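Below is one structure, written out as structure tokens; comments come after it.
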């Protein structure tokens, strides 16, 4: 279990289980833990590096397939996760060092 992060009164973390690779999980106040998203479907790892809360979303850095570079993903308060697009001129961003300062989020990235 890695990257313990509280968001929306729930505990999020990265772990393996239930024939899944390394994926984001959540535990509620009722001590029920479930997988949030199978980002790299099946038993392969999503290689998640970071969990960061920003702008009422849980952000993570991970890969959708074994051959994909890592990308930004966001999860809503309803635990719906999706890959983030929209950085003009970049095909894939391969982000790292995601951090929040005040009301802004920063990360390093390379166009892959």
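Yes/no matrix, rows are residues, columns are (1) farther than 21 Å from residue 109 by Cβ; (2) surrounded by fewer than 17 Cβ atoms within 10 Å (Cβ to Cβ):
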site	(1), (2)
8	yes, yes
51	no, no
54	no, yes
70	no, no
80	yes, yes
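Listed here are the residues, each with its yes/no results for (1) free of Cβ contacts under 8 Å to residues at least 12 places away in the same chain; (2) assigned to a loop (DSSP other than H, G, I, E, B).
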residue	(1), (2)
30	yes, yes
53	no, no
58	no, no
67	yes, yes
82	yes, no
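Only one of the numbered conditions (1) more than 13 Å from residue 74 (Cα to Cα); (2) at pLDDT 90 or above; (3) touching a strand residue (DSSP E or B) at 6+ places or on another chain (Cβ under 6 Å) is violated by residue 28, and that is (2).
Residue 2 meets each of the listed conditions (1) touching a strand residue (DSSP E or B) at 6+ places or on another chain (Cβ under 7 Å); (2) at pLDDT below 90; (3) surrounded by 14 or more Cβ atoms within 10 Å (Cβ to Cβ) apart from (3).
The values are calculated or read from the model by the stated rules, or taken from the named source; none is laboratory data. Not measured: the values here are computed from a predicted model. So basically every Cβ, Gly included, is an ideal-geometry build from the backbone, and we count neighbours across all protein chains shown.
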